[in-house]
1. Fewest first, what order do VAL225, VAL68 take by the number of other Cβ atoms within 10 Å?
2. Starting from the alpha-carbon convex hull of region 1-120, give the projected area averaged over all orientations, in nm².
3. Using the membrane-span-like helix rule (whole DSSP H runs, Cα extent along the own axis of at least 15 Å, mean Kyte-Doolittle hydropathy at least 0.0), which helices of the chain qualify?
4. Report the normalised scattering of the chain as log10 I(q)/I(0) at q = 0.08, 0.11 Å⁻¹, calculated by the Debye formula with identical scatterers on the alpha carbons.
5. Please give the length that would be gained between LEU61 and LYS289 if that part of the chain were fully extended, namely 0.36 nm times their separation in residues minus their C-alpha to C-alpha distance (nm, one decimal).
6. Setting aside same-chain residues fewer than 8 positions from LYS6, which aspartates and glutamates have a Cα under 17 Å from its Cα?
7. I need ASP238, ASP98 ordered by Cβ neighbour count within 10 Å, fewest first.
8. Determine the alpha carbon to alpha carbon distance for each of LYS79/LYS289; LYS148/LYS181; LYS105/LYS145; LYS58/LYS254 and list only those over 19 Å.
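Read the figures in this text as sums done on the coordinates, not as results from a lab. For clarity, every value in this text was computed on a predicted model and none was experimentally measured. Every residue, glycine among them, receives a Cβ derived from its backbone with ideal geometry; neighbour counts consider all protein chains shown.
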Amino acid sequence: MATKNKTIITCALTGVLTDPEVTGVPVTPAQMAQEALDAYNAGATIVHCHFRQQEAGKTHLASWDPDVAFDTIAAIRAKVPKLLINMSTGVIGPDISDALACLKKVKPEIAALNAGTLNYLKIKKDGSWAWPPFIFDNPVDKIQKYIKVMNEFNILPECECFDTGIVRSVAMFEKNGLLKKPVCVSFVMGVSSGMPAKPAWLSLLVDELNPGAHWQVIGIGREEVWPLLQKAIDLGGDVRTGLEDHFYLPDGKKTRSNGALVAALAQMVKKSGAQIASPEETKEKLGIK
């Protein structure tokens with residue numbers, strides 16, 4: 001089977017703001033490394049990493065301390081040398097100096113590039129806001145600053161697209177020369193104010209990409225995530241799971257384990273007749289040297 005037809009599995013280990021006391025997400029470098037190992041053993045070849053403040057009582061908060069980022073990734077690389085690192089860069093506001101400092105210090109193989117702006121909203125059953133509405137701002141000048149550093153350090157941008165207009169923008173970034181090939185796109189589906197986690201949308205989204213673009217699906221939610229990931233596999237895309245995205249296994253049971261989520265997704269890939277990419281095949285498919 002050609003490398004391009006192998007399915008890459010990414011595991012998003014921890015996310016941002018989730019309370020580790022409630023959800024069991026990893027926080028410390030040692031915890032992140034162990035969860036990364038479990039994900040790798042289950043079939044993941046990429047881990048998507050956010051960083052948390054390490055002080056007691058603050059571990060539910062994001063950290064952009066380059067030393068925290070370095071220590072976390074160093075622990076993962078020491079424990080699982082073959083894993084590829086995908087580093088988050090999601091910062092609210094125009095000051096991205098700390099995120100850029102983390103990129104320069106960690107030098108991940110891949111980094112998330114939030115490719116457009118979104119009103120980030122969620123509503124409760126009673127109609128009240130789940131959190132104060134805010135704008136996840138990613139204007140073009142901010143995107144350009146990230147791409148400049150990613151190009152400087154040979155980091156592959158992973159264009160995260162929360163809405164259809166953002167998907168179409170990525171195609172324009174490529175045509176404009178802002179993005180170099182290979183272009184990698186993630187359809188982030190299930191955020192309440194973004195694209196819904198509906199499998200029927202996937203074929204339409206893929207049609208909006210320029211030829212040769214790589215794509216994966218990131219499903220946010222509960223039971224609706226698994227049919228979406230199945231559709232992605234059927235269409236030949238790559239897939240992501242992990243405690244950042246969802247906590248529920250295909251049978252509806254809640255888990256506190258990244259490894260269990262990856263194992264369930266790997267089983268889905270195999271049952272579909274596809275093959276899981278190895279670390280070497282992942283690098284080849286994504287053009288990473």
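1. On the way: VAL225 23, VAL68 18.
By the 10 Å Cβ count, ascending, the order reads VAL68, VAL225.
2. Values: hull surface 34.9 nm².
With the hull built on Cα positions only, its mean projection is 8.7 nm².
3. Numbers: long enough: 29-42 (20 Å, -0.41); 66-79 (20 Å, 0.39); 140-152 (18 Å, -0.59); 164-176 (18 Å, 0.16); 258-271 (20 Å, 0.71).
Helices meeting the criterion: 66-79, 164-176, 258-271.
4. Debye curve over Cα of the chain, log10 I(q)/I(0) at q = 0.08, 0.11 Å⁻¹: -0.30, -0.59.
5. Numbers: separation 228, 0.36 × 228 = 82.08 nm, distance 3.36 nm.
Between LEU61 and LYS289, full extension yields an extra 78.7 nm.
6. Excluding near neighbours in sequence, the set is ASP234, ASP238, GLU280, GLU281, GLU284.
7. Values: ASP238 24, ASP98 14.
Ranked by crowding around the Cβ, least crowded first: ASP98, ASP238.
8. Values: LYS79/LYS289 21 Å; LYS148/LYS181 15 Å; LYS105/LYS145 16 Å; LYS58/LYS254 24 Å.
Check vs 19 Å cut-off fails for LYS79/LYS289; LYS58/LYS254.
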